[in-house]
Amino acid sequence: MKVLLMTGGALVLAAAAAVYVGWDSGTKGAETSQLVADGALRALSTQDESGLLELANPDPKLTGREAAARKLVDDCKGSSFDGAKVDLRGGFGDKIAWGDVTVPRGQGACGKTTLQLTRTDDGWFISLGAAEPGPIPTAATNR
């Protein structure tokens with residue numbers, strides 16, 4: 001199985017990504033985790049930062065998507081993707097999956113990494129970036 005997502009727990013043209021992943025629009029996800037993983041692997045193998053961003057979860061609470069996509073592309077510069085694969089494994093119910101990525105001729109961090117895929121009501125996406133922490137609740141004083 002081929003899949004690719006984000007490096008370190010984090011992560012072809014955008015139009016081409018839409019075609020080979022089955023996107024309806026920039027906010028519509030893939031129908032399956034395998035489809036989004038395959039699209040990410042293709043985008044990464046062609047050093048397509050925009051393609052990775054097109055596959056990223058559009059949740060406005062997530063920040064740093066561009067930096068995460070750039071890091072994935074930079075980590076894999078000069079790598080050969082011959083024989084590259086991603087083994088999918090389940091996560092929490094049907095909302096999260098992980099892809100264990102192996103690029104046999106990968107340079108540095110691109111050789112082995114784990115990517116996270118998330119499912120929303122709009123479909124499956126690559127998890128790029130991180131959620132901004134919310135305010136820390138204060139202790140109740142009415143005891």
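Values quoted throughout were computed directly from the atomic coordinates according to the rules given, and no laboratory measurement underlies them. Note that the structure is a prediction, hence the values are computed from the model and not measured. Note that each Cβ is placed from the backbone with ideal geometry, even for glycine, and that neighbours are counted across all protein chains shown.
Taking the Cα centre of the range 39-106 as the origin, how large is its charge dipole in debye, to the nearest 20, when only Lys and Arg (+1) and Asp and Glu (-1) carry charge on their Cβ atoms? In total the dipole reaches around 100 debye. Relative contact order for the range 14-130: 29 percent, from Cα pairs under 8 Å spaced at least 6 residues apart, divided by residue count.
Set the Cα radius of gyration of the range 14-130 against 2.2 N^0.38 Å, with N its number of residues, and you get 0.97. Cβ-to-Cβ counts within 10 Å put LEU115, LEU88 in ascending order as LEU88, LEU115, the fewest first. Only Cα pairs under 8 Å and 6+ residues apart enter the sum, and on that basis the relative contact order of the range 83-134 stands at 26 percent.
Shown in residue order for the range 36-48 are the 3J(HN,Hα) couplings computed by the Karplus curve 6.51 cos²θ - 1.76 cosθ + 1.60 at θ = phi - 60°: 5, 5, 4, x, 5, 4, 5, 4, 5, 5, 9, 6, 9 Hz (x for Gly and Pro).
Fewest neighbouring Cβ atoms within 10 Å first, the residues GLU132, GLU66 line up as GLU132, GLU66. Sparse packing (at most 16 other Cβ atoms within 10 Å of the Cβ) combined with a DSSP loop state is found for the following chymotrypsin sites (Phe, Trp or Tyr not before Pro) in the range 57-143: PHE92. Put a dot 7 Å past the Cα of THR138, heading toward its Cβ, do the same for GLN47, and the two dots end up 5.3 nm apart. Among VAL103, VAL73, sorting on how many other beta-carbon atoms sit within 10 Å of each Cβ, with the fewest leading, yields VAL73, VAL103.
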